[in-house]
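Colleague: Please read through the structure below; I'll follow up with questions.
The values are calculated or read from the model by the stated rules, or taken from the named source; none is laboratory data. Fair warning: this is a prediction, and the values are worked out from it, not measured in the lab. When we count neighbours, we look across all protein chains shown, and the Cβ atoms used for this are built from the backbone with ideal geometry, even at glycine.
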Amino acid sequence: MTSGQLIKELRLKKGITQEDLAAKTNLSVRTIQRLENGEVEPRAYTLQSIALALGVDFEELVNSHESMFEDTHLDNSSIWLALLHLSGLFLLLFPPVIIWMWKKDRVKNMKEQGIDVINFQLSMLMIIVPSAILAFLIIPLLIVIFLGIFSTIVIVVNTIKVINNQPYKYPMTLEILKP
């Protein structure tokens, strides 16, 4: 329940109108309407005034306001998992390995996702390094450019999926490390 919905519900239980609540809080009727309709987010001072006018605990209104945003906040493990996946952008094996080794026993899903990221990195390196060595030929140069763009897109898309708790997949990956 949003804070606006809670304010409306509490106001109606008390049997007071929006005009009465506005008068008790020194807010405009339009502000009360906008709060109840969810058009604006209430400030702490506004919530405090409304809680006092409705005779409820300020914490009750604050907790309802904060619970609206609980799903949008990233927890610590999501941040580490996102960093693990993003570290693959460097096309160096060290950043994902360091993050994986450091957090694999502390962050849920870090072992599995770390192995996926490292396998993807190794697979890309096995293609890019020989192509870069032969870069004086036009075809290997195009392969290096294509794989650079491809791996960047895959890494960014998978990072977004991890942040949103969705399944991800690294295509063209050899299973070098196994869980």
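Colleague: Between a residue in the range 85-111 that is within 20 Å of residue 161 (Cα to Cα) and any residue that is of a type in the set (Phe, Trp, Tyr) and assigned to a helix (DSSP H, G or I), which pairs come within a Cβ distance under 6 Å, given they are 6 or more apart or on different chains?
Modeller: Listed pairs, sorted by first residue: 103/80; 107/80.
Colleague: Let me ask you something else. Can residue 140 be described as touching a Ser or Thr at 6+ places or on another chain (Cβ under 9 Å) and farther than 18 Å from residue 171 by Cα?
Modeller: yes
Colleague: Moving on. Identify the single condition in (1) closer than 30 Å to residue 161 by Cα; (2) assigned by TED's automatic domain parsing to the domain that holds residue 11; (3) modelled with pLDDT of 85 or more that residue 51 does not satisfy, given that it satisfies every other one.
Modeller: The failed condition is (1).
Colleague: Filter the range 123-166 for residues that are touching a helix residue (DSSP H, G or I) at 6+ places or on another chain (Cβ under 7 Å) and of a type in the set (Ser, Thr, Tyr); which is nearest to residue 112 (Cα to Cα)?
Modeller: The extreme case among them is 159.
Colleague: Here's something else I'd like to know. Report the residue count in the range 1-43 for those that are hydrophobic (A, V, I, L, M, F, W, C) and in contact (Cβ under 8 Å) with a residue 60 or more places away in the chain.
Modeller: 1
Colleague: If you go through the range 55-67 one residue at a time, do you hit one that is modelled with pLDDT of 85 or more, out of contact with any Ser or Thr (no Cβ under 7 Å at 6 or more places or on another chain) and surrounded by fewer than 19 Cβ atoms within 10 Å (Cβ to Cβ)?
Modeller: yes
Colleague: Surrounded by 12 or more Cβ atoms within 10 Å (Cβ to Cβ), at pLDDT 85 or above and touching a Gly at 6+ places or on another chain (Cβ under 7 Å): does that describe residue 21?
Modeller: no
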